[in-house]
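The values are calculated or read from the model by the stated rules, or taken from the named source; none is laboratory data. Everything numeric in this text was worked out from a predicted model, so none of it was measured. Here Cβ is always computed from backbone atoms with ideal geometry, including for glycine, and neighbour counts include all displayed protein chains. Remember, those area values only see protein heavy atoms, side chains included, never the ligands or the DNA or RNA. Shrake-Rupley method; radii C 1.70, N 1.55, O 1.52, S 1.80 Å.
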Amino acid sequence: MTIDIGTSSTRVLLFDRYARAVPELFAQEPNRLTTASDGTTEMPIDALLATIARCLDTVLATAGSLANDI
């Protein structure tokens, strides 16, 4: 399992033992960044953690009984 936090979205992907992505075990949510006048961008940590948790929950729920082996 991997968590990819990018500027536009957060994704959670699951890979098999041969390092191949399992297409149906994938979740993605957009990130809501704020941009300051100096050009810096940020996302509140609480919002980021909630996004990660939802993506993890989605992948594990989709995995069904396989979730016990992850």
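Scanning the range 20-34 turns up no residue that is part of a helix (DSSP H, G or I) and farther than 16 Å from Leu66 by Cα. Being in a helix (DSSP H, G or I) and loosely packed, with under 13 Cβ neighbours inside 10 Å is a property that does not hold for Ala67. Checking each residue in the range 1-19 for being outside any strand (DSSP E or B) and either in contact (Cβ under 8 Å) with a residue 40 or more places away in the chain or farther than 18 Å from Ala50 by Cβ (or both) picks out Met1, Asp16, Arg17, Tyr18, Ala19. Please work out if Asp46 is without any contact (Cβ under 8 Å) to a residue 24 or more places away in the chain, of a type in the set (Asp, Glu) and assigned to a strand (DSSP E or B). Here the answer is no, as Asp46 does not meet what is asked. For the range 43-58, the condition holds for at least one residue, the condition being that it is among the hydroxyl-bearing types (Ser, Thr, Tyr) and either open to solvent by less than 100 Å² (accessible area, probe 1.4 Å) or under 14 Å from the mean Cα position of the chain (by Cα) (or both).
One residue stands out among those in the range 1-19 that are open to solvent by 60 Å² or more (accessible area, probe 1.4 Å) and among the aliphatic types (A, V, I, L, M): the one that is farthest from Leu66 (Cα to Cα), which is Ile5. When Gln28 is tested against (1) without any contact (Cβ under 8 Å) to a residue 12 or more places away in the chain; (2) open to solvent by 90 Å² or more (accessible area, probe 1.4 Å), exactly one condition is not met: (1).
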